[in-house]
Ligand SMILES: C[S@@+](CC[C@H](N)C(=O)[O-])C[C@H]1O[C@@H](n2cnc3c(N)ncnc32)[C@H](O)[C@@H]1O
């Protein structure tokens, strides 16, 4: 569809103010699909490529506070997984899961459950197709894609790891955060492309570098070590500072230090 037609459609559908916001959002040099990533080629998937929310039909009050789809690089995800305790006792949730890349990368590990939450039905449909193709590689026994606003999502019980690639604005994150801090169980929040550090000011920082911060935001059952190796709590499943990268595979991941 031409840009002029898109603007016309948006004007009719969303009104002037919303259309102006969406126009500014869509002025982005890197917004179109690019060549498939190695991850996509390896598994025959389609997770690459930026998608602007203005190009999608989303019925959600948080629509204007959402950020475009862009996938987490596998190398970043693998590096973070190497820092975490063994996955078996945790559920994993990706907030704003888009085409499902993070969900699939998590599903390569034996998490108790892996859930992707995405408010675009179009992106969720792409993720579902990817998941079907990916099934033979899945090691988690419970992998699900939920098409819903993250604000309305009910987190699974028990120890939890949340992945957040800057999917939405601070107001929305604050609402999700309010729910997470009330959890009784251990809750680890991984924020890639971290912006709103102030929301987490009361939380233990478990790891931090220029792109990523990991906080423990709820629960009393586990204590992890900080980025310089200093213990944050007294029972210490250790997360230590990264010593370089290292691509993990589904079967041969080498964690730097674990429980
Ligand atoms: C930067 S992408 C992250 C994609 C994926 N999590 C990853 O790391 O590869 C942000 C995604 O969040 C979704 N999103 C934005 N606001 C949302 C909300 N309130 N609820 C659910 N999904 C949302 C967008 O549609 C987009 O797919």
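A few comments on the model shown:
- Test: residue 189 is within 16 Å of the ligand (Cβ to nearest atom), within 14 Å of the chain's Cα centre (by Cα) and buried (at least 16 other Cβ atoms within 10 Å of the Cβ): yes
- Any chance residue 102 is near the ligand (Cβ under 7 Å from one of its atoms) and either in contact with a strand residue (DSSP E or B) (Cβ under 8 Å, 6 or more places away or on another chain) or assigned to a helix (DSSP H, G or I) (or both): yes
- Matching residues in the range 88-97 - criterion: being touching a residue at least 60 places away in the same chain (Cβ under 8 Å) and more than 12 Å from the chain's Cα centre (by Cα): 89, 90, 91
- Any pair with Cβ under 8 angstrom, 6 or more apart, that starts in the range 150-168 at a residue that is at positive phi and ends at one that is more than 13 Å from the ligand (Cβ to nearest atom) and not in a helix (DSSP H, G or I): 158/90; 158/91; 158/112; 158/185
- Search result, residues across the range 137-177 that are more than 14 Å from the ligand (Cβ to nearest atom) and assigned to a helix (DSSP H, G or I): 137
- Where residue 84 falls short, out of the listed (1) free of Cβ contacts under 8 Å to residues at least 40 places away in the same chain; (2) more than 10 Å from the ligand (Cβ to nearest atom); (3) touching a strand residue (DSSP E or B) at 6+ places or on another chain (Cβ under 7 Å): (1)
- Test for residue 114: is it under 17 Å from residue 167 (Cα atoms), within 13 Å of the ligand (Cβ to nearest atom) and surrounded by 18 or more Cβ atoms within 10 Å (Cβ to Cβ): no
- Subset of the range 59-76 that is more than 8 Å from the ligand (Cβ to nearest atom) and under 24 Å from residue 107 (Cβ atoms) - its residue that is surrounded by the most Cβ atoms within 10 Å (Cβ to Cβ): 74
Bear in mind that the values in this text are calculations on the coordinates, not laboratory data. A quick note: this is a predicted structure, and the numbers were derived from the prediction, not measured. Please note: Cβ atoms are built from the backbone with ideal geometry, for glycine as well, and neighbour counts cover all protein chains shown.
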